[in-house]
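Asker: There's a structure below that I have some questions on.
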Amino acid sequence: MPHDEVSKHWHEPKAGENAGFGKFPRPAMPYDRFMEAEGVPVYRSIGCRTVLDLPLAPWKRQGGRGTYIQLYGTEGLWGMYVVEVPAGGALNIERHLYEKNVLVVEGRGSTEVWQEGQAKKQTFEWQKGSLFSVPLNAFHRFVNATNSPALLLCGTTAPNIFNLVDNPHFVFNTPYNFSERYAGTEDYFKPSDDVEPDPVRGLAMRRTNFIPDVIATELPLDNRRSPGYRRIEPYMAGQRFYLWIGQHETGRYSKAHKHASAAILICLKGKGYTYTWPEQLGERPWEAGKALHVQRQDYEFGGMVSAAPMSGDWFHQHFGVSRDPLRLTAWFGANNSRARKPGLPGEKTSDMGAIDIKKGGSAIPYHEEDPYLRKEFEKYLAEDGAKTRMEPKWYEGPSTDGSEPGNDF
Ligand SMILES: [Fe+2]
């Protein structure tokens, strides 16, 4: 019997039966309903080759064409969309009670930012590869004075606030200045190159609200995901949204590691692919005849993949197969970094993704990974006239000479 026919009359279960329907379709959350009401497509998948391929539709509220993107596994955790700033035009003025990070995928333009009561608007210019964060609840407007359109990829904490208060008017029309995050200081959007350790995990961090070019910006050595791996964690606009930029050397690839969903990897340079599989398939799904259940996403500049596209822990591993190194930016939404996950304050925790499984972490070292992965990687490189720069000894056993730093963790 359809639900609406039974819902008006409550019947107690008989002995041996449970109350309720048992099975039911998952209802749309407030943020799902909000996206649907906006009149633009909602792209749902594990990833895409490049966002430049996604169909855009006129978006009345924004004043340009766009599409929402909600990759599998990120539902309710954080939101994403692309929006086009028309040539010789501008998007509508906005302010909102969610954080917003902007990656310029194509084109050039500028952003005006101001707060209620602020006499002078601040303006900064951006180009392909620029990354910045719009301060929480600040008024802002994107302007494009050139004669070709600009495409912005935005990551937000909109689902968090929408699913909590379920009221778009409140989200877009609350007059409050978060002056501890943004007080209109003159150098607010001036880039800073200073690197310092993040106070919790000690990884390389840059306090900056604007990075002019994340495709070219220098990255300090990190070594955790692959030998020679480089990484920076920008701390922007006092936000809770977590993101980083990382790069694997040409001819090398990341080790697999596992965790639950939140992370989306966005390709900034090079091209490649990601494999992701639920931990139940084990560490060597090809060898175990379970390759059918492994998911794969190929990408190039502007492409993306959800690291853990369903519930539970998923292994994921990234392969760059071009002459350029593979540079990725990973976005996680608010409070989904290992340093910001809620838990008992003071409790000991560790950088699990950088520690091998046998040592209590969640990473599969090269010498324990599925042999299929190396073979396939070398095949792709050969097709491109390139050579692997993975050292054979990394596949033989735990490193003793320090050439594979992650193994010595
Ligand atoms: Fe990961």
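Asker: So what does the Cα-only Debye profile of the chain read at q = 0.10, 0.14 Å⁻¹, as log10 I(q)/I(0), no solvent term?
Answerer: At q = 0.10, 0.14 Å⁻¹ the computed log10 ratios are -0.72, -1.29.
Asker: Still on this structure, I have one more. Expressed as a rounded percentage, what relative contact order does the stretch 40-145 have, with Cα pairs under 8 Å and six or more residues apart?
Answerer: Value for the stretch 40-145: 26 percent.
Asker: Out of Gly346, Ser192, Ile364, whose Cα points farthest toward the positive end of the dipole of the chain (charges: +1 Lys, Arg; -1 Asp, Glu; placed on Cβ)?
Answerer: Projecting each Cα onto the dipole axis, the largest value belongs to Ser192.
Asker: Shifting gears a bit: Explain nothing, just the number: dipole magnitude of the chain about its Cα centre with +1 on each Lys and Arg Cβ and -1 on each Asp and Glu Cβ, in debye rounded to the nearest 20.
Answerer: Computed charge dipole of the chain: roughly 280 debye.
Asker: Another question about this same structure. How many Å² of accessible area per residue for the chain, probe 1.4 Å?
Answerer: On the way: 19180 Å² over 409 residues.
Solvent-accessible surface per residue comes out at 47 Å².
Asker: Still on this structure, please answer the following. Straight-line reach from Lys358: which lysines fall under 26 Å, measuring Cα to Cα and dropping same-chain residues less than 8 apart?
Answerer: Lys255, Lys258, Lys290, Lys341, Lys348, Lys375, Lys393
Asker: Pop out the ³J(HN,Hα) list for the stretch 40-46 in order, Karplus 6.51 cos²θ - 1.76 cosθ + 1.60 with θ = phi - 60°, rounded to Hz; leave Gly and Pro as x.
Answerer: Going residue by residue, I get 10, x, 10, 8, 10, 5, 7 Hz, with x marking Gly and Pro.
Asker: Next question. Name the residue, out of Phe319, Phe24, Phe34, whose mean-square fluctuation peaks in a Gaussian network model built on the chain with Cα pairs under 10 Å.
Answerer: Phe24
Asker: Going Cα to Cα from Lys60, which lysines come in below 30 Å? Please leave out same-chain ones fewer than 8 positions away.
Answerer: Once the sequence-local lysines are set aside, what remains near Lys60 is Lys100, Lys120, Lys121, Lys128.
Asker: Here is a follow-up. Counting pairs of alpha carbon atoms under 8 Å apart in space and at least six apart in sequence, what relative contact order in percent does the chain give? Walk me through the intermediate numbers first.
Answerer: Details: 956 pairs, mean separation 60.8, N = 409.
Reported as a whole number, the value is 15 percent.
Asker: Provide the per-residue ³J(HN,Hα) series for the stretch 179-189, in order, calculated from phi with Karplus coefficients 6.51, -1.76, 1.60 and θ = phi - 60°, each as a whole number of Hz, with x at glycine and proline positions.
Answerer: Karplus values, whole Hz, x for Gly and Pro: 6, 6, 9, 8, 10, x, 4, 4, 8, 4, 9.
Asker: Which residue fluctuates most in the GNM of the chain (Cα springs below 10 Å): Trp286, Trp314, Trp114?
Answerer: Greatest mean-square fluctuation among the candidates belongs to Trp286.
Asker: Hey, another quick one. Could you compute how fast the stretch 98-247 diffuses translationally, taking Rh as the Kirkwood radius over C-alpha pairs and applying Stokes-Einstein at 37 °C with viscosity 0.692 mPa s? Give it in µm² per second. Write down the numbers at each step before the final one.
Answerer: Values: Rh = 16.6 Å.
This corresponds to a translational diffusion coefficient of 197 µm²/s.
Asker: Specify the residue with the greatest mean-square fluctuation among Arg224, Arg252, Arg284, computed from a Gaussian network of the chain linking alpha-carbon atoms under 10 Å apart.
Answerer: In the Gaussian network model the winner is Arg284.
Asker: Another question, then. Compare the Cα positions of Asn167, Pro30, Gly89 along the charge dipole of the stretch 30-172 (+1 at Cβ of Lys, Arg; -1 at Cβ of Asp, Glu; about the Cα centre) and return the one farthest towards the positive end.
Answerer: In the stretch 30-172, that residue is Gly89.
The values are calculated or read from the model by the stated rules, or taken from the named source; none is laboratory data. Remember, it's a predicted structure, so these values are computed and weren't measured experimentally. Positions of Cβ are generated from backbone atoms using ideal geometry, with glycine treated the same way; all protein chains shown enter the neighbour counts. Note: accessible area is taken over every heavy atom of the protein model, side chains too, but ligands, DNA and RNA are not part of it. Shrake-Rupley method; radii C 1.70, N 1.55, O 1.52, S 1.80 Å.
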